[in-house]
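J.: Questions regarding the structure given below will be posed in turn.
Just so you know, all these numbers are worked out from the coordinates, no wet-lab data involved. Treat the numbers as computed from the prediction; the structure is a model and nothing was measured. No Cβ is skipped: glycine too gets one built from the backbone with ideal geometry, and neighbour counts run over all protein chains shown.
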Number of protein chains: 2
Amino acid sequence: MNVSNVVDNEAFQTTKSQNAKRIQHTMHLTKEAILKLDRIKRINIINSVSGIKPANLIGTKSKSGNNNLAIFSSVVHLGSTPGYFGFIMRPTGEVRRDTYDNIMETGVFTINHIHASFAEQGHYTSAKFDADVSEFETCGLSPEFKLDFEAPFVKESTLKMALKHVETVPIKATNTIMVIGEIQHLFFPDSSMNEDGMIDLEALDDIGISGLNTYYQLKKMASYPFARATELPNFDS
Amino acid sequence: MNVSNVVDNEAFQTTKSQNAKRIQHTMHLTKEAILKLDRIKRINIINSVSGIKPANLIGTKSKSGNNNLAIFSSVVHLGSTPGYFGFIMRPTGEVRRDTYDNIMETGVFTINHIHASFAEQGHYTSAKFDADVSEFETCGLSPEFKLDFEAPFVKESTLKMALKHVETVPIKATNTIMVIGEIQHLFFPDSSMNEDGMIDLEALDDIGISGLNTYYQLKKMASYPFARATELPNFDS
């Protein structure tokens, strides 16, 4: 054992014990307390508390030929025959929503996973650019066209899919909409899938989002069997 | 440099070069090809391709007093004033949906983050238990009641919230529903939040889900500033 090990261990123990102490302090915010928070702080907190979110780029093209690309953390699985996905948009009308307008014009869009290698590029697609500006160009990503599909894919993305718009669902409580698409084409690296069809998100170097601007890498931890009430592990401990 | 270092490096290089080769093979599945896949494989693939999903336990209580707990990977942020969240449910009617029935009976539910320390317990709440069986008991988790709120929280969870049901949105394309709640109370460790209100999901030991049964730990990678079109990094490289 050398001196630097001793110091490291002591520092580690101190940190652990401080963490243990701090973790005991629970913040309790009521609805009223949340509404009184500073706006930015409120938005950051509430955007974090649903947990980790997927990091996807949605690619669209306007009728007049402009490519658009925007980051979305709200893509959610809705069905598996053949595959339906929704994502949440803020109200249209108030401000320009190129993604929505383009989907209404062409009926199609792409969903492209963001990988760690281009997290920053993906993040900056959330800036407000003029309608005739392509986020592909300003953010250093490459549009890719495949199979005569009208919407652009992200070349840098290794898992991507083409979707056809099938439904828009209004959500009254939040004056938002869920835009829903049906999968038409799916592309991903052979090597990322096992024989049961499970796709390894760590091997893809996928990332997750918390709040509006923090990105997390993924480390596979465990796979558990399909859960049956008659085959439970022993949880007594 | 010792021998074990050399061996490790060689193994690493070989693996990297094999990965580089394998990653070149792209799987392309059309909608028709997806529909022809073996059912389990199709479900596993399609449940993976939206990216990482949050791991939450939803706690409810029936009018007759039974506690219910179920894992959901579809919780999505809908609004921040004061905080609205939705989650997707399969059709009711066909089979028993305790979570939905309880929310309709009491008007309330809780959302509780799953941490790495009880990932397996959380996973097994997806088994089909009888209506009068509490998943808390069968899966080794502890119901916790706070502030006269009618639905149970998960004691083991350090980030949890109480919600009031405000809307149920039908999704025709997939015959599913989105159940929406408004935040009433929010609890989390002080130490996990920075001064801007960003909550550190790695510090919370939060996990993410891919597909139906694979769990990932999170490693914070980067936070980027609010994106402005006039303040872009230099992406040329």
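J.: Just need log10 I(q)/I(0) for the range A:110-149 at q = 0.19, 0.22 Å⁻¹, Debye formula, equal scatterers on the alpha-carbon atoms, no solvent, rounded to two decimals.
T.: -0.63, -0.81
J.: Okay, moving on. In a GNM of chain B with a 10 Å cut-off on Cα contacts, which of B:M178, B:M27, B:M104 has the highest mean-square fluctuation?
T.: Evaluated over chain B, the most mobile residue of the options is B:M27.
J.: Give the span of chain A's Cα atoms along each principal axis, as three whole-Å numbers ordered largest to smallest.
T.: 67, 51, 46
J.: Sticking with this structure for a sec: Select from B:G181, B:G83, B:G197 the residue whose mean-square fluctuation is largest in a Gaussian network model of chain B (Cα-Cα springs shorter than 10 Å).
T.: Top of the fluctuation ranking is B:G197.
J.: A further question on this structure: List the lysines whose Cα lies under 17 Å from the Cα of B:K155, skipping any in the same chain that are fewer than 8 positions away.
T.: Once the sequence-local lysines are set aside, what remains near B:K155 is B:K61, B:K146.
J.: Relative contact order for chain B using alpha-carbon pairs under 8 Å, separation at least 6, rounded to a whole percent?
T.: For chain B, the relative contact order is 20 percent.
J.: Another question, if that's okay. Which of B:V169, B:V108, B:V154 moves the most in a Gaussian network model of chain B with Cα springs under 10 Å?
T.: B:V169
J.: I would also like to ask the following. Indicate the gyration tensor shape class of the range B:130-191 (rounded, prolate or oblate), computed on the Cα atoms with a ≥ b ≥ c the square roots of the eigenvalues: a/c under 1.5 is rounded; otherwise a/b larger than b/c is prolate and the rest oblate.
T.: Oblate, because a/c is 1.5 or more while a/b does not exceed b/c.
J.: Still on this structure, please answer the following. What's the longest piece of chain A with no exposed GluC sites (Glu not before Pro), counting a site as exposed if DSSP puts it in a loop and it has at most 12 other beta carbons within 10 Å?
T.: In chain A, the maximal stretch lacking such sites is A:95-194.
J.: Here is a further query. Taking every pair of Cα atoms in the range B:71-161, average 1/r, invert it to obtain the Kirkwood radius, and report Rg/Rh to two decimals.
T.: Looking at the range B:71-161, the ratio lands at 0.94.
J.: Once Rh is set to the Kirkwood radius over Cα pairs, what Stokes-Einstein translational diffusion coefficient, in µm²/s, holds for the range A:84-215 at a temperature of 37 °C and a viscosity of 0.692 mPa s?
T.: Calculated translational D: 202 µm²/s.
J.: Could you state the principal axis extents of the C-alpha atoms in the protein assembly as shown, from the largest down, to the nearest angstrom?
T.: Answer, in whole Å and largest first: 64, 57, 50 Å.
J.: Same structure again: Among B:N102, B:G140, B:F187, pick out the residue whose Cα is farthest towards the positive end of the charge dipole of the range B:95-199, where Lys and Arg carry +1 and Asp and Glu carry -1 on C-beta, about the Cα centre.
T.: Of the options given, the answer is B:N102.
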